[in-house]
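Inspection log for the structure reproduced underneath, given as structure tokens.
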Amino acid sequence: METKEIKDTREHNGLFRHEYMLDISGLNKTYPTPNGDYVVLDDLDLKVKKEEFISIIGHSGCGKSTLLTMIAGLNEISKGTIIAGNKTVKGAGPDRAVIFQSPSLFPWMTAYENVMIGVKQVFAHGSKKERDDIVKYYLAKVGLEDSMFKKAKDLSQGMQQRVGIARAFALKPKVLLLDEPFGMLDSLTRGELQDVLVEVWNQEKITAVMITHDVDESILLADRVIMMTSGPRAKVGDILEIDFERPRDRAALLDHPDYYKYREHLINFLEH
């Protein structure tokens, strides 16, 4: 039998790295202040498998969004490494698409035009028809087939976030990063868009990392829930495997006895 030491050595040498889409090692984020360095994240390690959906929860100020923006390449790494798809992250790139709480659309452009901006850049060598097909396909997938030529300013908040989801998937990223994407929506719209996201994700099988403060959302969407310790000097405090088959049915999960065990585990962590 292989010892832990041998396995760790092999993994360190990259022999296991192909299993992972994200390999975060010894990650540190420090901000200088007049009173000395403020350490947000300290020696954080996390591996995410290909096609896995993880959610990250923790109290406000624990560095969840900082971690996500560092994976996205939008926030400088103070120490440590992030490897995405076998490439060291050194800046933003289309291989990592982000869906923020607010989709930040160009209000004077249509839903179609907002999605096409990124598609033109990522698929610059594709034909006009190929790009057109990609944009229309993903807008239809998120339920905007009949609204794709409406201007963003004329769409509801929920519909705008549907555009944001379509825009991210249309880039065909290797990693999908979600920063509380449903946090500004009412509960009904939130539930609808969770279902939309999961339906598209189930087909695309993209590695996904989602920041959320919602325990139920974590259980519904994720394969694993990563629990962050409180800041400063936050790191991974606990990891919960969510052993529900996919595709998942919201009503069936609520009737499953394990659902409440998972929920209790997460709440207990957050309360201590």
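Could you please let me know if residue 110 is β-branched (Val, Ile, Thr) and in contact with a helix residue (DSSP H, G or I) (Cβ under 9 Å, 6 or more places away or on another chain)?
Working: β-branched (Val, Ile, Thr): yes; in contact with a helix residue (DSSP H, G or I) (Cβ under 9 Å, 6 or more places away or on another chain): yes.
For residue 110, the condition - β-branched (Val, Ile, Thr) and in contact with a helix residue (DSSP H, G or I) (Cβ under 9 Å, 6 or more places away or on another chain) - is met.
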Subset of the range 52-88 (residues that are closer than 29 Å to residue 246 by Cβ, hydroxyl-bearing (Ser, Thr, Tyr) and either modelled with pLDDT under 95 or crowded, with 22+ Cβ neighbours inside 10 Å (or both)): 55, 65
Where a residue in the range 147-162 is without any contact (Cβ under 8 Å) to a residue 60 or more places away in the chain and more than 20 Å from residue 183 (Cα to Cα) and its partner, wherever it lies, is of a type outside the set (A, V, I, L, M) and in a helix (DSSP H, G or I), with Cβ under 7 Å and at least six apart: 148/112; 148/136; 149/112
Some residue of the range 132-154 being of a type in the set (A, V, I, L, M), in contact with a Gly (Cβ under 9 Å, 6 or more places away or on another chain) and exposed (fewer than 15 other Cβ atoms within 10 Å of the Cβ): no
Qualifying residue in the range 96-110 (condition: touching a residue at least 24 places away in the same chain (Cβ under 8 Å), surrounded by 17 or more Cβ atoms within 10 Å (Cβ to Cβ), in a helix (DSSP H, G or I) and more than 18 Å from the chain's Cα centre (by Cα)): no
Residue within the range 200-209 that is surrounded by 15 or more Cβ atoms within 10 Å (Cβ to Cβ), aromatic (Phe, Trp, Tyr) and farther than 29 Å from residue 139 by Cβ present: no
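So, residue 230, is that one surrounded by fewer than 22 Cβ atoms within 10 Å (Cβ to Cβ) and either touching a residue at least 24 places away in the same chain (Cβ under 8 Å) or farther than 22 Å from residue 95 by Cα (or both) or not?
Details: surrounded by fewer than 22 Cβ atoms within 10 Å (Cβ to Cβ): yes; either touching a residue at least 24 places away in the same chain (Cβ under 8 Å) or farther than 22 Å from residue 95 by Cα (or both): yes.
It is true that residue 230 is surrounded by fewer than 22 Cβ atoms within 10 Å (Cβ to Cβ) and either touching a residue at least 24 places away in the same chain (Cβ under 8 Å) or farther than 22 Å from residue 95 by Cα (or both).
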Within the range 226-263, tally of residues that are in a helix (DSSP H, G or I) and of a type in the set (Gly, Ala, Ser): 2
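Give me the helices (runs of 4 or more DSSP H) completely within the range 111-204, filtered to those with at least 2 residues that are closer than 24 Å to residue 222 by Cβ, ordered by residue number. So that I can check it myself, show each step before the final result.
Details: elements: 111-122, 128-141, 157-170, 187-204.
In the range 111-204, 128-141, 157-170, 187-204 are the helices (runs of 4 or more DSSP H) which contain 2 or more residues that are closer than 24 Å to residue 222 by Cβ.
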Members of the range 28-51 found to be among the acidic types (Asp, Glu), surrounded by fewer than 20 Cβ atoms within 10 Å (Cβ to Cβ) and either in contact with an Asp or Glu (Cβ under 7 Å, 6 or more places away or on another chain) or within 19 Å of residue 229 (Cβ to Cβ) (or both), listed by number: 37, 43, 45
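The values are calculated or read from the model by the stated rules, or taken from the named source; none is laboratory data. The shown structure was predicted, so the numbers you read here are calculated from the model rather than taken from an experiment. Note: ideal-geometry Cβ built from the backbone for every residue, glycine included; neighbour counts use all protein chains shown.
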